[in-house]
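Working notes for the structure below.
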Amino acid sequence: MKLADKMNEVQQLIESRTQVKPTIGLILGSGLGVLADEISDAVRIPYEEIPHFPVSTVEGHQGQLVIGQLNGKHVVAMQGRFHFYEGYSLEQVTFPIRMMKAMGVQTLIITNASGGINMDYQPGDLMMIKDHINLTGRNPLIGPNEDAFGVRFPDMSTAYDPDYRELAHKVAKQNGIDVQDGVYVGLTGPTYETPAEIRMLRILGADAVGMSTVPEVIVARHAGIRVLGISCISNMAAGILPQPLSHAEVMETAEKVKTTFLRLMRGIIEEL
Amino acid sequence: MANRLQQIEEGVRFIQEKIQLKPDIGLILGSGLGVLAEEIENPIIIDFHDIPHFPPSTVAGHEGRLVVGTLGGKSVIAMQGRIHYYEGYTMSQVVFPVYVMKGLGISSLIVTNACGGINRGFQAGDLMVIEDHLNLTGDHPLIGPNMEIFGPRFPDMSRAYHPEYRELAKRKAVELGFTLQEGVYAGISGPAYSTPTELIMLARFGADAVGMSTVPEVIAAAHAGLKVLGISCVTDKAVGEELEPLSHEQVMEMALQARPRFISLVKALLPEVH
């Protein structure tokens with residue numbers, strides 16, 4: 001089935017559930033899904049009810065789409081995302097971006113948890129993504145180009161919208177929140193990196209490292225969606241501190257930074 | 001995934017029926033280093049292609065069999081020959097033997113390989129203990145559903161090469177009176193050797209040596225909670241600015257020269273691998 005036909009089926013399903021036409025899409029990373037709970041007049045659609053959506057392989061994964069209002073804006077939020085390391089194809093990983101585009105989304109706020117490579121960062125810092133490095137070894141647009149969705153060779157020179165970044169920094173300042181501004185490098189995972197890899201990534205110009213976001217942003221740009229990226233530095237990357245890395249640490253930090261994250265996100269959405 | 005676990009289990013069961021002892025230490029013997037397996041006492045030899053789901057090795061200089069027995073007073077299982085990604089196997093196949101060895105009961109893994117020396121201080125014929133690695137294969141053996149029974153979804157790699165084993169190897173080399181280099185191993189897919197510019201890039205990335213194996217196996221070992229010692233045999237100089245043509249025959253020849261030191265080092269350290 002062609003992508004356009006799949007999109008029609010998804011659109012029909014969503015239109016049968018809600019009249020809301022969201023213009024802002026939200027992808028909520030590890031431990032940051034709580035923002036979706038604050039959406040009012042919410043319609044919730046579990047992923048398994050959406051045609052062509054990847055079937056989750058992760059136990060206890062409660063993925064759902066939440067559509068409704070947040071700070072006066074119509075939004076669609078993904079509570080839970082698909083990662084390449086889970087074994088999905090990149091087409092599957094980025095399918096929700098295509099869906100958001102079909103729903104009318106013009107702005108994507110994409111969030112993630114990442115490891116801090118920049119020595120000036122602290123766990124709990126929020127980082128505006130100013131650019132990314134695709135080190136997944138792949139590109140989600142490999143294959144015949146869907147001309148109806150975007151161009152064969154998408155420009156990536158301002159993948160992370162400069163106006164949005166400026167806006168986000170302004171909102172952070174107004175709210176008294178210190179934020180970083182840095183380059184996110186995307187790897188496949190699922191292992192955390194070795195200390196030698198972290199030193200290499202620092203030489204390459206990366207400030208933070210993670211296992212998501214990059215494929216989604218590439219497809220969003222292909223679709224002409226403007227992107228704001230926010231990363232929660234959940235731990236320092238390997239070799240910086242004398243301790244092993246664990247997923248529990250990532251979740252703990254996300255929990256601690258939750259209030260600040262919510263305040264920042266609400267402020268930004270209001271101003272968009 | 002259920003299928004994959006089942007395949008590992010079938011591999012384990014097949015081998016268990018043929019051996020008496022429970023191996024404690026696994027050995028993966030790289031290009032030209034397989035001869036160490038011939039020193040194993042009371043060996044039980046099992047060809048890769050007889051083991052259910054085991055991918056056969058197709059490279060010259062790789063025997064493609066398991067040798068189980070005792071060496072240095074330890075119960076060991078040695079892979080004489082290994083599975084490489086460039087042969088066309090999936091990463092999941094490449095690391096299959098690591099999970100089988102874990103299933104047989106090993107708690108430590110000694111991985112060996114032949115590599116190119118990027119560090120200008122290295123000479124062809126040097127042995128190097130691996131301090132850390134760079135995964136530049138463009139792939140990852142743990143992509144897909146996690147096998148929770150072996151390890152966590154997001155394994156830590158901050159001490160993938162066990163620090164105590166590295167110290168042990170260095171101490172034994174001193175006792176044996178030869179130089180043991182230490183450095184970062186960059187794992188690429190191959191099978192082409194690197195271009196001069198690629199080698200210059202790898203040097204800037206912090207690599208001391210480059211090769212086409214080891215990284216996937218060590219990732220799987222870290223996932224499975226195995227303590228790893230990595231030993232590389234520097235078979236050629238891989239300095240981008242001074243690169244000369246290289247053949248597999250040269251690699252094998254230098255591995256041959258380093259072989260006596262390699263064998264004496266592994267035999268000397270095995271009794272102290274805990």
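The values are calculated or read from the model by the stated rules, or taken from the named source; none is laboratory data. This one's a predicted model, so the numbers in the text were calculated from it and none came from an experiment. When we count neighbours, we look across all protein chains shown, and the Cβ atoms used for this are built from the backbone with ideal geometry, even at glycine. Each accessible area value is taken on the protein alone, full model and side chains, heavy atoms only, with ligands, DNA and RNA left out. Shrake-Rupley method; radii C 1.70, N 1.55, O 1.52, S 1.80 Å.
Among the residues examined, residue B:73 qualifies as surrounded by fewer than 15 Cβ atoms within 10 Å (Cβ to Cβ), closer than 22 Å to residue B:274 by Cα and of a type in the set (Gly, Ala, Ser).
Residues that are at pLDDT 95 or above, surrounded by fewer than 21 Cβ atoms within 10 Å (Cβ to Cβ) and not hydrophobic (A, V, I, L, M, F, W, C) do not occur anywhere in segment B:208-217.
Return a yes/no flag: does segment A:54-61 have any residue that is open to solvent by 10 Å² or more (accessible area, probe 1.4 Å) and not in a loop (DSSP other than H, G, I, E, B). There is no residue in segment A:54-61 that is open to solvent by 10 Å² or more (accessible area, probe 1.4 Å) and not in a loop (DSSP other than H, G, I, E, B).
This table checks each residue for (1) more than 14 Å from chain B (Cβ to nearest Cβ); (2) at pLDDT 95 or above.
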| position | (1), (2) |
| --- | --- |
| A:171 | yes, yes |
| A:176 | yes, yes |
| A:182 | yes, yes |
| A:187 | no, yes |
| A:222 | yes, yes |
| A:227 | yes, yes |
| A:240 | no, no |
| A:259 | yes, no |
| A:262 | yes, no |
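Within segment B:181-207, being within 14 Å of another protein chain (Cβ to nearest Cβ), open to solvent by 30 Å² or more (accessible area, probe 1.4 Å) and part of a strand (DSSP E or B) holds for B:182, B:188.
Here segment A:3-49 is the region considered, the condition is being free of Cβ contacts under 8 Å to residues at least 60 places away in the same chain and part of a loop (DSSP other than H, G, I, E, B), and the residue that is most open to solvent (accessible area, probe 1.4 Å) is A:19. Restricting segment B:167-180 to residues that are open to solvent by 30 Å² or more (accessible area, probe 1.4 Å) and charged (D, E, K, R), the residue that is farthest from the other protein chains (Cβ to nearest Cβ) is B:175.
The number of residues in segment A:144-186 that are assigned to a loop (DSSP other than H, G, I, E, B), touching a residue at least 12 places away in the same chain (Cβ under 8 Å) and surrounded by fewer than 13 Cβ atoms within 10 Å (Cβ to Cβ) comes to 4. Filtering segment B:107-166 to residues that are part of a strand (DSSP E or B), more than 7 Å from chain A (Cβ to nearest Cβ), closer than 18 Å to residue B:216 by Cβ and aliphatic (A, V, I, L, M) leaves B:109, B:110, B:111, B:114, B:130, B:136. Only residues that are under 19 Å from residue A:189 (Cα atoms) and either open to solvent by 10 Å² or more (accessible area, probe 1.4 Å) or among the charged types (D, E, K, R) (or both) were counted in segment A:224-242, giving 3.
Sub-8 Å Cβ pairs linking a first residue in segment B:254-268 that is more than 15 Å from residue B:171 (Cα to Cα) to a second residue that is of a type in the set (S, T, N, Q) and buried (at least 21 other Cβ atoms within 10 Å of the Cβ), at least 6 apart or interchain, are B:254/B:235; B:255/B:31; B:255/B:235; B:258/B:235, ordered by first then second residue. Based on this model, can you work out whether residue B:21 counts as away from chain A (no Cβ under 14 Å) and modelled with pLDDT under 95? Criteria met by residue B:21.
Remark: residue A:189 matches the filter, which requires a residue to be surrounded by 20 or more Cβ atoms within 10 Å (Cβ to Cβ), in contact (Cβ under 8 Å) with a residue 60 or more places away in the chain and in a loop (DSSP other than H, G, I, E, B).
Given the condition open to solvent by 10 Å² or more (accessible area, probe 1.4 Å), at the interface with another protein chain (Cβ under 9 Å from one of its Cβ atoms) and among the small types (Gly, Ala, Ser), answer yes or no: does some residue in segment B:221-232 qualify? Scanning segment B:221-232 turns up at least one residue that is open to solvent by 10 Å² or more (accessible area, probe 1.4 Å), at the interface with another protein chain (Cβ under 9 Å from one of its Cβ atoms) and among the small types (Gly, Ala, Ser). When each of A:248, A:254, A:220 is tested for being part of a helix (DSSP H, G or I), open to solvent by 10 Å² or more (accessible area, probe 1.4 Å) and among the small types (Gly, Ala, Ser), the lone residue that passes is A:248.
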